[in-house]
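K.L.:
One structure follows; several queries about it will come next.
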């Protein structure tokens, strides 16, 4: 892979996600570089949609879909994010289904799709985050295909955490991810404008607790997949998991005040989570068999 693209991709993740950037440093060099390349493509696609002007979303979506399908079919691209994707698909035999699903997830945003239930919301989470976990499974060269379900669940858990943290920011873009059934039960009008009304903030906190409860279940499944990773990959993924779930913990603890300011995990707590991850994984690996990667043949689909 072009070193210039790797270097610029590391800058993108460093500025775009301090949590993932810190955790990714715990990978071995090859996995680290592949992870930042994947982040580069994902981030580019997400930003193209979020930053596009009103009326240009469909045009941007078509552009992303066409570029993605082109590199999947072996064509070259002048754009670094798609060069990164092409490299990853070829080197790690990533199924085209996964990047295509991510584009479908972005389409759900463009169409302002809403969700009646948490189960419906989980399809969106699968497309924009679960498939990222699945692509990372290929990059990390897991020791069993059993890891795929857990990798998908870990990605979905992180996306649900994002949703709980960012409901006000999403509402400002006209997006509501919280399930209609749960909003109705808590007597919150299904309208982005209602989110700015303080009387509803406590009720929104009740709904986000349900989202975070579901995230916790998926984190638990994700934890079960750690044993199928190499030692350094286990540490990196567990660190990211702890940091992200800590975001959910803070949102939950703040209740109605959760969105007064953006929730973030302080550096000292990130260091604590990294240290805890190292200790837990080193102890656990005393009992685990030697890591031996396998060829992944199946494609994990949302049921």
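K.L.:
List every residue pair whose Cβ atoms sit under 7 Å apart, with the two residues 6 or more apart in sequence or on different chains, where the first one lies in the stretch 9-22 and is within 15 Å of residue 265 (Cα to Cα) and the second, anywhere, is part of a loop (DSSP other than H, G, I, E, B).
P.N.:
Pairs found: 19/265.
K.L.:
Are any of the residues in the stretch 22-29 surrounded by 20 or more Cβ atoms within 10 Å (Cβ to Cβ) and over 17 Å from the mean Cα position of the chain (by Cα)?
P.N.:
Yes: one or more hits.
K.L.:
Can you spot a residue in the stretch 231-249 that is more than 29 Å from residue 124 (Cα to Cα) and assigned to a loop (DSSP other than H, G, I, E, B)?
P.N.:
no
K.L.:
Taking the stretch 69-120 as the region of interest, how many residues are touching a residue at least 12 places away in the same chain (Cβ under 8 Å), under 20 Å from residue 180 (Cβ atoms) and outside any helix (DSSP H, G or I)?
P.N.:
Number of matching residues: 5.
K.L.:
May I pose another question? Among the residues of the stretch 162-178, write down those that are assigned to a helix (DSSP H, G or I) and closer than 13 Å to residue 118 by Cα.
P.N.:
163, 164
K.L.:
Determine, yes or no, whether residue 206 is part of a helix (DSSP H, G or I), over 15 Å from residue 244 (Cβ atoms) and modelled with pLDDT of 95 or more.
P.N.:
For residue 206, the condition - part of a helix (DSSP H, G or I), over 15 Å from residue 244 (Cβ atoms) and modelled with pLDDT of 95 or more - is met.
K.L.:
When residues of the stretch 195-205 are filtered for being farther than 9 Å from residue 256 by Cβ and in contact (Cβ under 8 Å) with a residue 24 or more places away in the chain, how many remain?
P.N.:
Matching residues across the stretch 195-205 total 2.
The values are calculated or read from the model by the stated rules, or taken from the named source; none is laboratory data. Quantities reported herein were computed from a predicted structural model and do not represent experimental measurements. All Cβ positions, glycine included, derive from the backbone under ideal geometry; neighbour counts span all protein chains shown.
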